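*Asks:* Take this structure first; my questions come after.
The values are calculated or read from the model by the stated rules, or taken from the named source; none is laboratory data. Just so we're clear, the structure is a prediction, and the values are computed from it rather than from any experiment. Cβ sites come from the backbone with ideal geometry, for glycine too, and all protein chains shown count toward neighbours.
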Amino acid sequence: MPDNDHQARSTRFSKGGTTVFVRLRVDRRAYEYARYWARFHSGAMPDGTAEDQLEGYLNVAMSRAMDDQNWQCPPEIEALYPPPEPAPDDGPF
């Protein structure tokens, strides 16, 4: 039986299990910044939205936190979604 004690009822998982869809609340100031950043990057990502920016920020922050804490993913999730390979070291630059 899955552990759903700390999961909102509105949370949904993709068919493959590698993506989770959640509702995210941010304050208005943060949302306006995400809209600004989406407009700023519109040349590279013309259809980008504030929500895309928020998703990116959250993924980066979570990845850094997991790395900082040496967090280990449960084996059943690791099998579905292995961690990215480290970038090769191209020298001092």
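*Asks:* Tell me which residues, restricted to the stretch 7-43, are under 14 Å from Gln53 (Cβ atoms), of a type outside the set (A, V, I, L, M) and assigned to a loop (DSSP other than H, G, I, E, B).
*Replies:* Hits for the stretch 7-43 are His41, Ser42.
*Asks:* Here is a list: Tyr36, Tyr81, Tyr57. Which entry is among the hydroxyl-bearing types (Ser, Thr, Tyr), in contact (Cβ under 8 Å) with a residue 24 or more places away in the chain and on the phi < 0 side of the Ramachandran plot? Break it down into steps so the answer makes sense when it comes.
*Replies:* Values: Tyr36 fails: in contact (Cβ under 8 Å) with a residue 24 or more places away in the chain; Tyr57 fails: in contact (Cβ under 8 Å) with a residue 24 or more places away in the chain.
Going through Tyr36, Tyr81, Tyr57 in turn, just one is among the hydroxyl-bearing types (Ser, Thr, Tyr), in contact (Cβ under 8 Å) with a residue 24 or more places away in the chain and on the phi < 0 side of the Ramachandran plot: Tyr81.
*Asks:* Yes or no: Glu55 touching a Leu at 6+ places or on another chain (Cβ under 9 Å) and among the charged types (D, E, K, R)? Steps first, answer last, please.
*Replies:* Details: touching a Leu at 6+ places or on another chain (Cβ under 9 Å): yes; among the charged types (D, E, K, R): yes.
Yes; evaluated as a whole, the condition is true for this residue.
*Asks:* Sort out which residues of the stretch 58-70 are farther than 24 Å from Ala30 by Cα and surrounded by 10 or more Cβ atoms within 10 Å (Cβ to Cβ), and write them in order of number.
*Replies:* Listed by number, the list holds a single entry, Asp67.
*Asks:* Also: Among the candidates Gly91, Gly17, which residue alone is out of contact with any Cys (no Cβ under 8 Å at 6 or more places or on another chain), surrounded by 12 or more Cβ atoms within 10 Å (Cβ to Cβ), of a type outside the set (Ser, Thr, Tyr) and modelled with pLDDT under 90?
*Replies:* Numbers: Gly91 fails: surrounded by 12 or more Cβ atoms within 10 Å (Cβ to Cβ).
Of Gly91, Gly17, the one residue that is out of contact with any Cys (no Cβ under 8 Å at 6 or more places or on another chain), surrounded by 12 or more Cβ atoms within 10 Å (Cβ to Cβ), of a type outside the set (Ser, Thr, Tyr) and modelled with pLDDT under 90 is Gly17.
*Asks:* Could you count how many residues in the stretch 48-93 are within 16 Å of Thr19 (Cα to Cα) and of a type in the set (A, V, I, L, M)?
*Replies:* Here the count works out to 7.
*Asks:* Now for a different question. Going by the structure shown, is Asp47 in a helix (DSSP H, G or I), surrounded by fewer than 12 Cβ atoms within 10 Å (Cβ to Cβ) and acidic (Asp, Glu)?
*Replies:* Working: in a helix (DSSP H, G or I): no; surrounded by fewer than 12 Cβ atoms within 10 Å (Cβ to Cβ): yes; acidic (Asp, Glu): yes.
Judged against the criteria, Asp47 is not a match.
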